[in-house]
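Below is one structure; the comments refer to it alone.
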Amino acid sequence: MSAPAEAPRSAPSTLRALLDLRPPAQRQAYGAHRQQRAELHLPDGPGPHPVVVVLHGGFWRARRSLRYMRPACADLARDGWAAWNVEYRRVGRSEGGGWPATFADVAAAIDHLADLDAPLDLTRVAAMGHSAGGQLALWAAARPHLPEGVPGADPGVAITAGVAALAAPSDLEATPDLYGPGGAVFDLMGCTPAEAPDDRYVLGNPIRRLPLGIPILLLHGDADRTVPPRRSREFAAAARAAGDQMNLIEPVGAGHRTVVDPRRPPWRELIRWLDGLPARSPARTRAAE
């Protein structure tokens, strides 16, 4: 006789979500800059625990930080995933973010997982990003296929289990208002695509790096007024055409922040997707060699 199915875990209360805004006990620097830091949310139990690398959004600008992702990270830990909540250099406030620093920071933070004294399963590493963090998560998943010598190439820890992009601007070249002077993509990349002095858009734009070779989830509310849902639809079509395992979910009536709120139903779609990933992923890390 088969074992009874587990009852779905209930969503956290608003009080629980507010309490989850507190920083976890484990915080680490992965570099010398004040923004090169990350927080580790660990599940109960001895492990080793699968890992989700969490990347916050905010149009790559300094006014947003990892703090708003803490409730999501705490909920991931309750689901059995170690959540590595990454801060990185962003644009503005003299942080020094943009191309290539922001990308290099994300890569360094992920590789730093191999140096943590924590019970982590580095053969099962996923990435999840919200908004601009979704773009960075998709880029991070493409690191094993980057040319030698470019920012992020030759990962010490690769994204092996899957990648989820929530309300993500997944094509940096799709919106002229964003990549023109004064736009968020222009500030990130330092130029328009036509004026780029090198291959930075080829290297940094996730839609240019397909196929990723791992499962992809795009979660994008159909009422998002910050990043148009068509960005995820277009990326999904390109990923499928490239042969990737692609899952696009568009929760009805969900806005830009709804998809990353653990109290709301769209977030459960991410949890279900993570729980459905293979129990073990191919090791694509230097640390595992």
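Both the radius of gyration and Dmax for region 96-203 are 14.5, 46 Å, in that order, over alpha-carbon atoms. Per residue, the average separation of C-alpha pairs within less than 8 Å and at least 6 apart gives region 31-88 a relative contact order of 52 percent.
Express in % the proportion of alpha carbon pairs of the chain at distances exceeding 28 Å. The share of Cα pairs beyond 28 Å in the chain comes to 30 percent.
Per residue, the convex hull around the alpha carbon atoms of region 44-93 comes to 70 Å³.
Normalised by the residues of region 1-136, what does the relative contact order come to in percent, with Cα pairs under 8 Å and at least six apart? Walk me through the numbers before you get to the answer.
Values: 242 pairs, mean separation 40.2, N = 136.
Rounded, it is 30 percent for region 1-136.
Placing a pseudo-label 7 Å from each Cα along the Cα-to-Cβ vector at D44 and A32 gives an inter-label distance of 4.3 nm. Per residue, the accessible area of the chain comes to 42 Å², computed with a 1.4 Å probe over protein heavy atoms only.
Tally up the carbon and sulfur contribution to the accessible surface of the chain as a whole percent, 1.4 Å probe, everything protein left in place. Can you show the working numbers first?
On the way: 6080 of 12150 Å².
Of all accessible area on the chain, carbon and sulfur atoms account for 50 percent.
Among beta bridges identified by DSSP and lying wholly in the chain, the antiparallel ones come to about 25 percent. Among the trypsin sites (Lys or Arg not before Pro) in region 131-226, those located in a DSSP loop and surrounded by at most 11 other Cβ atoms within 10 Å of their own Cβ are R225.
Step by step: find N for region 148-241, compute 2.2 N^0.38 Å, then divide the Cα radius of gyration by it. What's the final number? That works out to 1.14 for region 148-241.
The values are calculated or read from the model by the stated rules, or taken from the named source; none is laboratory data. Values in this document were obtained by computation on a predicted structure and should not be read as measured data. Reconstructed Cβ throughout: ideal geometry from the backbone, glycine too, with neighbour counts over all protein chains shown. Side chains included, ligands, DNA and RNA excluded: accessible areas come from the protein's heavy atoms. Shrake-Rupley method; radii C 1.70, N 1.55, O 1.52, S 1.80 Å.
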